Structures are given as C-alpha cells and as structure tokens.
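**Student:** Pasting a structure below so you can have a look.
Read-outs throughout are calculated quantities, based only on the coordinates presented, and are distinct from any laboratory measurement. Bear in mind the structure is a predicted one, so any value in this text is a computation, not a measurement. Here Cβ is always computed from backbone atoms with ideal geometry, including for glycine, and neighbour counts include all displayed protein chains.
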C-alpha cells in the first residue's frame, strides 16, 4: 500500500487523535503546538482527506445526550439483491455508514436520528422500501475504547 503522507502529516494525525482544542482559533493552536502555520495545518488536512489517508475529520456527537437516537441495524439480504439494497439503505440521510459482513445478517448499518421517534420511522421506511426485516440492535452498554492508530 502506498503511503500518501509524510512525517509532518503523521505528526499532525497522531496529535489530533489526542483531542482537538475548543477555542476561538483551534487550527492556529494546533499549528503552534506542532511548529506549523495555520494554513499548513488546514492544507495538510485537506490533502489527507482528498487523497483518502483520512476518510473523515470532525466531531463525534453523543446523539442520545442531545435528544436523538442511534442504533446498529442489520438486514439479511439475498446476494442477488445486495447492490440494489445498498442503494436503498444508503439513500437515507440517517444512515451513517453501512458494511457487508460474511454472516447470515450480511448488511449492517448505523442509523442516527434527531429523535427516538424518527429512528423508529426510519427503520420502518427501510423495511418498506427493501421488503426485508430490519434487525434493530440498540446499545445496552457503552464502553470507551480509546482507540488510537499511530500514523
């Protein structure tokens, strides 16, 4: 696999995994901490997102604490219909991401909504549009893993 980043990018990635400052000029603060300019930090993040080294850069919100709802859901999709069902499921703006698994329940996706009622409605719409039963697997307990991947 070709690496699309240099040592400064790696330092930036590793630094940001430890947290992002909450202040008036967070990118400038990160730049100062790493001995870079604010423009350099912004340009490097843009390049890392464009070349696929980073797939996402942004805040993670706790949906339930903000009055919303979040769940992991799964479908048992016939192989012949998989691509069609992917398009249906991914068309819902409430679907954060979905992935295929080598399992009887072969399509898994995360649904995040502004309200618990909206979550139920979204799952019902997915069932109606796909013709498949949605297995709703809301979390029972939450654990902080603290995953950090060194670049």
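**Student:** If the viscosity is 1.002 mPa s and the temperature 20 °C, what translational diffusion coefficient in µm²/s does Stokes-Einstein give for region 63-137 when Rh comes from Kirkwood over Cα pairs?
**Tutor:** Diffusion coefficient, whole number: 174 µm²/s.
**Student:** How much length would be gained if the chain were fully extended between residue 72 and residue 118, taking 0.36 nm per residue of separation minus their Cα-Cα distance, in nm to one decimal?
**Tutor:** Once the chain is fully extended between residue 72 and residue 118, it gains 15.1 nm.
**Student:** Ok, one more. Tell me the label-point distance for the pair residue 50, residue 80, using the 7 Å Cα-to-Cβ offset, in nm and rounded to one decimal.
**Tutor:** 4.5 nm
**Student:** When the chain is fully extended, how far beyond the present Cα-Cα distance does residue 60 get from residue 43, taking 0.36 nm per residue of separation?
**Tutor:** 3.9 nm
**Student:** Averaging sequence separations of C-alpha pairs under 8 Å and six or more residues apart, then dividing by the length of the chain, give the relative contact order as a whole percent.
**Tutor:** Computed over the chain, the figure is 25 percent.
**Student:** Same structure again: Please work out the FRET efficiency for the pair residue 137 and residue 91, using the Cβ-Cβ distance as r and a Förster radius of 22 Å; give the result to the nearest 0.05.
**Tutor:** 0.55
**Student:** Is the shape of region 1-128 rounded, prolate or oblate, going by the alpha carbon gyration tensor and its root eigenvalues a ≥ b ≥ c, with a/c under 1.5 for rounded and a/b larger than b/c for prolate?
**Tutor:** It is oblate, given that a/c is not under 1.5 and a/b is not larger than b/c.
**Student:** Continuing with the same structure: Subtract the Cα-Cα distance of residue 22 and residue 3 from 0.36 nm times their separation in residues, and report this length gain in nm to one decimal.
**Tutor:** Additional length available on full extension: 3.8 nm.
**Student:** Please report Rg over Rh for region 7-50, where both radii come from the alpha carbon positions and Rh follows the Kirkwood definition.
**Tutor:** Ratio of gyration radius to Kirkwood radius for region 7-50: 0.92.
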